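**Q** The structure's right below; bear with me while I get my questions together.
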Amino acid sequence: MRSIGVFGGTFDPIHFGHLRAALELYEGLQFDEVRLVPASIPPHRDEPSVDSGQRLAMVEAAISEQPDFVIDERELRREGPSYMVDTLQSMRDDFGDISLSLLMGLDAFLGLPRWHRWERILELAHIVVAHRPGWHLDEAEEAEQRAVELLEERRAEATILQERPAGGIVLRAVTPLAISATAIRRLIGEGHSARYLIPDAVWHMIEKDQLYR
Ligand SMILES: Nc1ncnc2c1ncn2[C@@H]1O[C@H](COP(=O)(O)OP(=O)(O)OP(=O)(O)O)[C@@H](O)[C@H]1O
Ligand SMILES: O=C(O)c1ccc[n+]([C@@H]2O[C@H](COP(=O)([O-])O)[C@@H](O)[C@H]2O)c1
């Protein structure tokens, strides 16, 4: 069965934490393709500090040489908040009965029960959760318990991703990289370099356009 990974993010900016996780999941879970989906208006957070055209350009620069990584612009073309359930429904309509896997870090997964129509998401896709430094399942807060229960109910072996179109949750270790876009924005705002946390091509764009100053 054809199998696609879907990696959504604000990517403000894209960094090696995103890229290395996406690559290890792509190789380890044998996706035919990973679609990076920059959010236009991300729900449940402040508006991005850089406009969507620039965030998109940084993602393009970051993945230009990686085979099977593609950018999916459908959230940028849609009006209103970038609800993931709408994105996955539209991919399902486009791609038919393939296996779709929504990739996310553990921090994002713990917040999943607050997402718009989140229960529908598991009817449309699998969820692959990557470990992220600083986040632990056994330290989940009260508000995150629903996500922990969901993982217990739906946890599956990675083989499910090749066998069924949707519905399982797979937890995966990736190289732990304690990099966040928030810390990168702060570094640059304080006049420091963000080199070696992000691809050089992305750093050059940030410098050229004086982003995050
Ligand atoms: N270092 C990392 N390791 C694993 N997953 C990550 C890492 N950084 C981000 N992710 C995941 O990438 C997705 C998109 O994240 P996002 O674009 O919000 O990056 P971020 O670094 O968390 O940004 P911010 O600090 O602005 O919240 C989320 O699913 C998040 O969990
Ligand atoms: O659909 C939702 O309600 C929803 C709520 C929070 C986050 N998301 C998506 O999850 C991805 C990671 O979100 P963030 O805030 O960590 O960048 C990104 O693609 C967001 O659009 C989606």
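Computed from the coordinates by the stated procedures, all read-outs in this text should not be read as laboratory data. Because the structure is predicted, anything quoted here is derived from the model rather than measured. Note: ideal-geometry Cβ built from the backbone for every residue, glycine included; neighbour counts use all protein chains shown.
**Q** Of the residues that sit in the range 75-119 and are closer than 13 Å to ALA39 by Cα and part of a loop (DSSP other than H, G, I, E, B), which one is nearest to ligand 1 (Cβ to nearest atom)?
**A** SER82
**Q** Could you list, in sequence order, all residues of the range 105-132 that are touching a residue at least 60 places away in the same chain (Cβ under 8 Å) and touching a Ser or Thr at 6+ places or on another chain (Cβ under 7 Å)?
**A** ALA125, VAL128
Matching residues to (1) under 19 Å from the mean Cα position of the chain (by Cα); (2) in a helix (DSSP H, G or I):
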position	(1), (2)
ILE121	yes, yes
TRP135	yes, no
ALA147	yes, yes
LEU161	yes, yes
LEU211	no, no
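Listed here are the residues, each with its yes/no results for (1) surrounded by fewer than 22 Cβ atoms within 10 Å (Cβ to Cβ); (2) of a type in the set (Gly, Ala, Ser); (3) touching a residue at least 40 places away in the same chain (Cβ under 8 Å).
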{"site": "GLY5", "(1), (2), (3)": "no, yes, yes"}
{"site": "PHE16", "(1), (2), (3)": "yes, no, yes"}
{"site": "ALA22", "(1), (2), (3)": "no, yes, yes"}
{"site": "SER52", "(1), (2), (3)": "yes, yes, no"}
{"site": "ALA57", "(1), (2), (3)": "yes, yes, yes"}
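**Q** Pick out the one residue from ARG146, ARG120, ARG132, ARG154 that is away from ligand 2 (no atom under 14 Å from the Cβ) and touching a helix residue (DSSP H, G or I) at 6+ places or on another chain (Cβ under 6 Å). Quick ask: steps written out before the conclusion?
**A** On the way: ARG120 fails: away from ligand 2 (no atom under 14 Å from the Cβ); ARG132 fails: away from ligand 2 (no atom under 14 Å from the Cβ); ARG154 fails: touching a helix residue (DSSP H, G or I) at 6+ places or on another chain (Cβ under 6 Å).
Selected residue: ARG146, the only one of ARG146, ARG120, ARG132, ARG154 that is away from ligand 2 (no atom under 14 Å from the Cβ) and touching a helix residue (DSSP H, G or I) at 6+ places or on another chain (Cβ under 6 Å).
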